[in-house]
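Reviewing the structure listed below.
The values are calculated or read from the model by the stated rules, or taken from the named source; none is laboratory data. Predicted model only: the values in this text are computed from it and were never measured. When we count neighbours, we look across all protein chains shown, and the Cβ atoms used for this are built from the backbone with ideal geometry, even at glycine. For the accessible areas, the whole protein counts, side chains as well, though only heavy atoms, and no ligand, DNA or RNA atoms are used. Shrake-Rupley method; radii C 1.70, N 1.55, O 1.52, S 1.80 Å.
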Amino acid sequence: ETSGRALVKFTMPVPKELFKEYKLPPAHGNPRHRQPSNEECRRLLAHFGASSDMGEFVQMVDETGARLGEIRLAKGSDVDIFTVGGRVVGGCLTLLKHKTFAKVGIRRIPLSMYAAQILDHRKASFGQARLFPGLKSKDFVCKTFDKARADLEIEHLLIKDFRRAFIIRNNAHVAKMDLVHIVGNSSMLPEATTASEKATIAAVGHTRGETTARDR
């Protein structure tokens, strides 16, 4: 029982006839590859204001590859800033709870110098609390982005495509097992392709890179 309510387990098989007419959505066999261009990024940031909540939010997704909710709910207490001679040079965003925790555990997202500078400025304003308190919900973020895109007549671009752009930019330079820890499990990630990755997965008796990444 959970909270005094009985849990009922249904064991009756579902008749296959119910799914005869079901068709997979178009996106199932047509993976999305859309990425924002530099010009589209420039126009969107000019529209939002580069230092606005939405402007800095979009830049953080593009700079870290994190999911929308992971950035929107990030707190100052989750962020470590690295400095040299008083100058911000990088940082780390630690995710103790996230969508793929069960598969990869705690995620530590490295911050570029620019991303660290954004979050350092926000920590100065909001302390240990949420760093983007003005972004009320994921739905609010998506609707605000979609309205800006429509106003600018930018077609077929989703805010999630900035996460995709980060992953694609880093595919050729970062091993998949490392990317899993940075961006979490995602269908956007490629299968392990290098000989060293395949050898590592095989050596520990796994069949999937995600399993190896989780045990690291």
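Could you grab me the full set of residues in the range 33-55 that are open to solvent by 70 Å² or more (accessible area, probe 1.4 Å), of a type in the set (Lys, Arg) and touching a Leu at 6+ places or on another chain (Cβ under 8 Å)?
If the condition is that a residue be open to solvent by 70 Å² or more (accessible area, probe 1.4 Å), of a type in the set (Lys, Arg) and touching a Leu at 6+ places or on another chain (Cβ under 8 Å), then ARG43 is the only one that fits.
Do the conditions hold for ALA102, that is, is it outside any loop (DSSP other than H, G, I, E, B) and at pLDDT below 85?
On the way: outside any loop (DSSP other than H, G, I, E, B): yes; at pLDDT below 85: yes.
When the stated conditions are applied, ALA102 passes them.
If THR64 satisfies all but one of (1) open to solvent by 20 Å² or more (accessible area, probe 1.4 Å); (2) under 17 Å from LYS160 (Cβ atoms); (3) touching a residue at least 24 places away in the same chain (Cβ under 8 Å); (4) out of contact with any Gly (no Cβ under 9 Å at 6 or more places or on another chain), what's the number of the condition it fails?
(1)
List the pairs whose first member sits in the range 160-175 and is farther than 20 Å from PHE145 by Cβ, whose second member is among the hydroxyl-bearing types (Ser, Thr, Tyr), and whose Cβ atoms are under 8 Å apart, counting only residues at least 6 apart or on separate chains?
Qualifying pairs under 8 Å: ALA175/THR194; ALA175/SER196.
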